[in-house]
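First the structure, in the form of structure tokens, and then the observations on it.
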Amino acid sequence: LCVVYVLLGFILHTEKCGACGPGFASPLDAMKGPREEIVYVPCIYRNTEREKPDFLATVDVNPESPHYCQVIHRLPMPNVGDELHHSGWNACSSCFGDSTKARNRLILPSLISSRIYVVDVGTDLRAPRLHKVINPEDVFWKCNLGYPHTSHCLGSGEIMISTLGDPAGCGKGGFILLDGETFEIKGNWERGDKMPPMGYDFWYQPRHNVLISTEWGVPRCLGYGFDPNDLKKGRYGRHLNVWDWSTHNYIQAIDVGEDAAPLEIRFLHNPNAAEGYVGCTISSAIHRFYKTQGGDWAAEKVIQIPSKKVEGWILPEMPGQCMPTAPTAHVLLFRLVTLPCPTEGFITDILISLDDKFLYFSNWLHGDIRQYDISNTRQPQLVGQVFVGGSISRGGPVTVCEDQELQRQPEPFIIKGKKVPGGPQMIQLSLDGKRLYVTTSLYSAWDKQFYPELIREGSVMLQLDVDTERGGLAVNKSFLVDFGQEPEGPCLAHEIRYPGGDCTSDIWL
């Protein structure tokens, strides 16, 4: 019955707009789209000590369904150790005017193995099947790139995937270009000799002839987890990298600070807008980037999450100022920090509502999700905040002895009788902006260090109710997807995608 409703909605939408392609004509049209009934979530077994392949989970999120909050289908990959991470579409709203295109393939790059999986979601959207595997040697030889991350469809019908580095694991911010019909590698998108030192996420906006990419870190360092000794050695990113969209040339670097590690980048959805935001993980800051009157691009910090001074932090070694001065112990050896030291929040995912009214981000270590009113894009105003886990909850091993924001440590987060391990990480907003979905795994090697209980218990998916008028967030206490109960053992659930597109995958031209 659910499938019939989805198809009926698609037919009515098609009749309304005529012979149009996938997605929606505008971001505001997308907000009027159908409510999400299922979501796709990559689930990871790498670093969990379970020799199982990662899989794509289909989760029922329809409150009228008898399978609400359940994994209704699992598509295992044919290999072990891939580290599925982010996903994208073969076609989205950038192809809206092309009736020959359909959003029927999900692109799944593997962050560690460098394989790229193409998944058929068109034949049966509730039971995806594997369509094609692009082997890592093809990526290496044809593009001299590796460690693929973000996938975006282009208005041309092609698919573009950013990378963290080269085949040897050195940093290199390039892009793989796939044919949108055959899914064969066409080569590199970038041209010219100049290249950024690292890569990660990207967003493009043809109306301003620009693509901007971000930098996480050097892949061969990231592969084994977070080593504080890599800080101050140039192994974590500090730039937004600006590309000329028409020539594909790298033209400008915007410095957002040493070891900032800028990750997710989002333009405002209005295609006329020449600004957006980027979340910087290690520096726990949000920067607004914008086009200047001179035609180049700049950035300014608009949000800074204060660090919290704590005692009892159990980590390999503390990042930032809490790093001991002369340790030589291996990063995977845990130690107890007993002296007061600051702990950063780790902003790990951000998104913007389709009406460009609210900015949301996850604060992975502190444990909160935040909602900001961005009516004034230069002065975001905090209007919603909720703690759903994290490392500083009351009664845990960490004592907060100095906090610029909170009067007391947040209560442990318990839902349906389960104390949630880890902290909020990947987020996805419903088209109408009223429901925010959250998963708790960042990256298996970092999960293992920062939240070892995630490895033992698996991650979860939560849902927050959103006040779209005045702002505000509240946990939906009836919604919990527990990936610790998977048949093959607890796993790590990451990014969330809707079959009909969402605010982090669709780009309007």
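Calculated FRET efficiency, Lys194 and Lys301, Cβ-Cβ r, R0 35 Å, to nearest 0.05?
Taking R0 as 35 Å, the efficiency between Lys194 and Lys301 is 0.85.
For the range 82-131, what class follows from the C-alpha gyration tensor (a ≥ b ≥ c being the square roots of its eigenvalues): rounded when a/c is under 1.5, otherwise prolate if a/b is larger than b/c, else oblate? Show your work: numbers first, answer last.
Numbers: a/c = 3.01, a/b = 1.61, b/c = 1.87.
Oblate shape, in that a/c is at least 1.5 and b/c is the bigger or equal ratio.
Give me the dipole magnitude in Debye, nearest 20, for the chain about the Cα centre, with unit charges on the beta carbon: positive for Lys and Arg, negative for Asp and Glu. Could you put the intermediate results ahead of the total?
Working: 47 positive and 60 negative charges, 56 e Å.
It comes to approximately 260 debye.
In the full protein assembly as shown, how much of Glu264 is accessible to a 1.4 Å probe, in Å² to the nearest 10?
Per-residue accessible area (Glu264): approximately 0 Å².
Once Rh for the range 155-299 is found with the Kirkwood sum over Cα pairs, what is the Stokes-Einstein diffusion coefficient at 20 °C and 1.002 mPa s, in µm²/s? Each step should come with its number before you reach the end.
Working: Rh = 15.6 Å.
Answer, rounded: 137 µm²/s.
Over the range 369-418, what percent of the accessible surface lies on carbon and sulfur atoms, probe 1.4 Å? Show your work: numbers first, answer last.
On the way: 1160 of 2740 Å².
C and S atoms contribute 42 percent here.
Using a 1.4 angstrom probe on the protein heavy atoms only, could you order Lys142, Lys101, Lys477 from most to least accessible area?
On the way: Lys142 100, Lys101 45, Lys477 125 Å².
Correct descending sequence by accessible area is Lys477, Lys142, Lys101.
Arrange the peptides 50-56, 226-232, 285-291 so that the one whose residues have, on average, the most other Cβ atoms within 10 Å appears first. Could the numbers behind the result be given before it?
Details: 50-56: 18.7, 226-232: 16.6, 285-291: 20.6.
Ranked by mean Cβ neighbours within 10 Å, highest first: 285-291, 50-56, 226-232.
For every helix of n ≥ 4 consecutive DSSP H residues, a contribution of -39,500 (n - 2.57) applies; sum these over the chain, divide by its total residues, and give [θ] at 222 nm rounded to the nearest 500 deg cm²/dmol. Walk me through the numbers on the way to the answer.
Numbers: 6 runs with 45 residues, N = 509.
Value at 222 nm, helices only: -2500 deg cm²/dmol.
Determine the order of Ser213, Ser246 by accessible area, beginning with the largest, at a probe radius of 1.4 Å. Can you show the working numbers first?
Details: Ser213 5, Ser246 75 Å².
Largest accessible area first, the residues go Ser246, Ser213.
FRET efficiency for Lys186 and Lys357, Cβ-Cβ distance as r, R0 = 30 Å, nearest 0.05? The partial results should precede the final answer.
On the way: r = 38 Å, r/R0 = 1.26.
Efficiency, rounded to the nearest 0.05: 0.20.
Cα centroids of the range 280-294 and the range 464-484: how far apart, whole angstrom?
Result: 28 Å between the Cα centres.
What nm distance separates the two modelled labels at Lys434 and Glu51, each placed 7 Å from Cα along Cα→Cβ?
4.9 nm
Can you check how the C-alpha radius of gyration of the chain compares to 2.2 N^0.38 Å, as a plain ratio? Before the final figure, lay out each step's value.
On the way: Rg = 21.3 Å, N = 509, 2.2 N^0.38 = 23.5 Å.
Here the Cα radius of gyration is 0.90 times the empirical estimate.
Give, in nm to one decimal, the length gained when the segment between Val80 and Thr123 is fully stretched (0.36 nm per residue of separation minus the Cα-Cα distance).
Between Val80 and Thr123, full extension yields an extra 12.9 nm.
Please quote Rg/Rh for the range 108-167 to two decimal places, taking the Kirkwood radius as Rh and restricting both calculations to Cα atoms.
Numbers: Rg = 12.4 Å, Rh = 12.3 Å.
With Rh from the inverse mean 1/r over Cα pairs, Rg/Rh is 1.01.
For Lys186, which aspartates and glutamates qualify as cross-link partners when the Cα separation must be under 19 Å and same-chain residues fewer than eight apart are set aside?
Answer for Lys186, where 19 Å is the Cα cut-off: Glu137, Asp138, Glu158, Asp166, listed by chain and number.
What accessible surface, in Å², does a 1.4 Å probe find on Arg235, ignoring ligands, DNA and RNA and rounding to the nearest 10?
80 Å²
In nm, to one decimal, how far is the modelled label at Asn62 from the one at Asn135, with both set 7 Å along Cα→Cβ?
4.1 nm
The values are calculated or read from the model by the stated rules, or taken from the named source; none is laboratory data. If you're wondering where the values come from, they're calculated on a predicted model, not measured in any experiment. Quick reminder, even Gly has a Cβ in these numbers, built from the backbone with ideal geometry, and neighbours come from all protein chains shown. All accessible areas refer to the heavy atoms of the entire protein, side chains included, with ligands and DNA or RNA removed. Shrake-Rupley method; radii C 1.70, N 1.55, O 1.52, S 1.80 Å.
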